[in-house]
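Read the figures in this text as sums done on the coordinates, not as results from a lab. Every value quoted in this text rests on a predicted model; they were computed, and no experiment measured them. Because the Cβ atoms are built from the backbone with ideal geometry, glycine has one as well, and the counts that use them run over all protein chains shown.
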Amino acid sequence: MFAQAVAVIESVRETAPDKAGCYRMLDAKGQALYIGKARDLKKRLQAYTRPSRLANRLQRMLASTHSVELLITNTETEALLMEASMIKSLKPRYNILLRDDKSFPSILLRGDHRFPQILKHRGKQVKKGTYFGPFASGVAVNNSVVELQKIFLLRNCSDSIFSHRTRPCLQYHIKRCCAPCVGYVSEQAYGYLVDSAKAFLQGKAEGVREKLVVQMEQASAAHEYERAAALRDRLAALTKIQTRSDVSLPSSTTDGDVLVLCLEDGESCVEMFCFRHSRNCGNRAFFPRHEGAVLPAEIMASFIAQFYATHPPPPVIYASPHPHESAWLASSLSDLYKRRVRILTPRRLALFPLVYANAEASLRRRLVERSRFDESFSALTKLLALPTALERIEVYDNSHISATHPYAVMVTADKRGFVKSGYRKFSIRREASFGDDYAMMNEALTRRFARSEEWQIPSLLILDGGLGQISCAQKALSAYPNLPPLPILAIAKGASRKAGEEKIYLASTRKKNGVLSELVSLSMRDALFYFLLRLRDEAHRFAIGTHRASRARAQKFSQLDSIDNIGGVRKRLLLQHFGSTRAVAAASLKDLRAVHGLGEKAAQSLYRHFHE
């Protein structure tokens, strides 16, 4: 069974260099089965010539291997990064895959304004300012920003709102801002508040507390009781945010991550607790995907390699179990980020039992969710009397407002739950489809099944709508005669449009109102009824979110953006001078020429655009 694969690996090993790099095991179709890294490629490949010593998962991989490709790197760090990148893009079946690796949010104190703004930031750190984090969840950041506003009275409004305020906003009246927009505080005094906030976020909370106590006592002694009461409230908010953290790292560590792995029923969960400047920044659960039985140390090593290849690590990572090849991982991360990174597994770390309890609870919730989907898939197969068991469901929905920003979406689910990688957005292109739900659905299905060779064919289609949606779906699918027969469900709101009174139609051989369909009998007490509504609601959520994002992007677009000789700088000058695009459009050529920094050519372009 392994003879062919071993022969292929032996032939590649003979010419393999004694250098660091990555290797790819490929099947007969040239698709990646497994991607690995090695300090010494020749030695690592030798391990695959002894199948009996490999884990069952790797034995199955080896049985399907038809070729091996090598990629030599200059350093071990490059090999680590290359492996993480290729696993993320190729998603080999036998690798451990980290699926949820979105960027962690941070707190940003901007540095490009006289009165810096405090806000949540996610993504690349390209804005000028000081970043604090990362935090393990958006909720942790939002709560921290609110508490920091209560303590330090920093603004969170945008520069545009700030520059046009003529009186204090609600944030001032609920004591979360000191109203620098209307001159209630000087630039110097606001700068002191910003410096205090930075000191607090850097773990120097006691110094900030002492200064607030001194200021409160001075205000009280000077009979400035309102100011003393305001300082008292800020001290109370500071005490609240300090006492909220009931878990901490060893006293010798201020920045660190705690990782604990939990395994059950072939699923794994890595729970991460983040600490920065001795403060608990929240936690998050990750669910690496792997095929068959895998050693816990190998899962932890793969998680660390893939996650920290794109997320800067803290100086210390506490991991349980201890990851495979931890010294190499630590050395590679240290080289990558040009500072020392340690990976430790102390015998006694008070946090390990707490983090494990969280990992266990997260994994159990996931397993329960998976079992519910599995049971619902089986029940739905039986209800619809399908010849084969359901494996994949696709749900479709539309969203638009008065035919503007029209989108159709596809949501995918299998027996394990919703498959986020299978979600798709269809920006409606045909103008004739704008505002016509049937035409929008027809266009989305036509475009989706035009790629049926690239995307997996579903076992069932679910549409948000009624008989008309079934009709347009059947018409769209009829253009692809090579498709297997696909059952189609449509979920229509009842006459009263109240939740729980939906009607479910199944495309069939019986005609009703000219459409091949029949009503599916499901009671409101049936769990399967609510499972179908949940699938519909997820598509509804995704469709509305996609439409809103498109609408928000359009609202940022101005008429000024389409005018020659008007870029970002001149656009800002015009809006600051006139206050709005409408005022710019009504301005005379003389008024446009009076804008400092605009220029004659740009002024004439503007005037011609709006008046000629």
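Multiply the residue separation of E14 and R50 by 0.36 nm, subtract the distance between their alpha-carbon atoms, and state the gained length in nm to one decimal. Don't jump to the answer; show the numbers that get you there.
Values: separation 36, 0.36 × 36 = 12.96 nm, distance 1.56 nm.
That pair, E14 and R50, stretches by 11.4 nm at full extension.
Is the C-alpha gyration tensor of region 559-611 telling us rounded, prolate or oblate? Criteria: a/c under 1.5 is rounded; beyond that, a/b larger than b/c is prolate, otherwise oblate. Rounded is the answer for region 559-611, as its axis ratio a/c remains below 1.5. Straight-distance candidates among the lysines for linking to K42, with alpha-carbon spacing under 21 Å and chain neighbours fewer than 8 residues away dropped: K19. Binning the alpha carbon pair distances of region 264-342 at 10 angstrom intervals from zero yields the distribution 16, 50, 29, 5, expressed in whole percent. Distance between the 7 Å Cα→Cβ label points at A327 and N74: 2.5 nm.
Mind scanning K91/K425; K128/K198; K127/K601; K127/K420 and naming the pairs with a C-alpha gap bigger than 24 Å? From the list (K91/K425; K128/K198; K127/K601; K127/K420), the Cα-Cα distance tops 24 Å for K127/K601; K127/K420.
Note on region 559-611: with charges restricted to the Cβ of Lys and Arg (+1) and Asp and Glu (-1), its dipole about the Cα centre is near 60 debye.
Where a ≥ b ≥ c are the square roots of the eigenvalues of the C-alpha gyration tensor, would you call region 1-158 rounded, which needs a/c under 1.5, or, failing that, prolate if a/b is larger than b/c, or oblate?
Details: a/c = 4.32, a/b = 3.01, b/c = 1.43.
Verdict is prolate for region 1-158.
Between S459, A479, Y438, the Cα set farthest toward the positive side of the dipole of region 392-545 (charges on each charged residue's Cβ, about the Cα centre) is that of S459. Relative to the current alpha-carbon distance between F434 and D40, full extension at 0.36 nm per residue lengthens the span by 136.0 nm. Given that just one value was derived from the coordinates, which of (1) 1.08; (2) 1.19; (3) 1.04 is Cα Rg over 2.2 N^0.38 Å? The value matching this structure is (2). This ranking places S376, S399, S186 by how few other beta-carbon atoms lie within 10 Å of each, fewest first, which gives S186, S376, S399. One chain, two ends: N143 and S452. Fully extended at 0.36 nm per residue, the span grows by 106.7 nm beyond their Cα-Cα distance.
What is the spin-label model distance, in nm, from K498 to A361 if the labels are put 7 Å beyond Cα along the C-beta direction? Reported label-point gap for K498 and A361 is 3.7 nm.
Only loop residues by DSSP count here, and only those with at most 16 other Cβ atoms within 10 Å; note down the trypsin sites (Lys or Arg not before Pro) in region 434-466 that meet that.
Working: sites: R447, R448, R451; in loops: R451.
Here the sparse-neighbourhood loop sites are R451.
Could you please rank D464, D265, D591, placing first whichever residue has the fewest other Cβ atoms within 10 Å of its Cβ?
Placing the least packed residue first, the sequence is D265, D591, D464.
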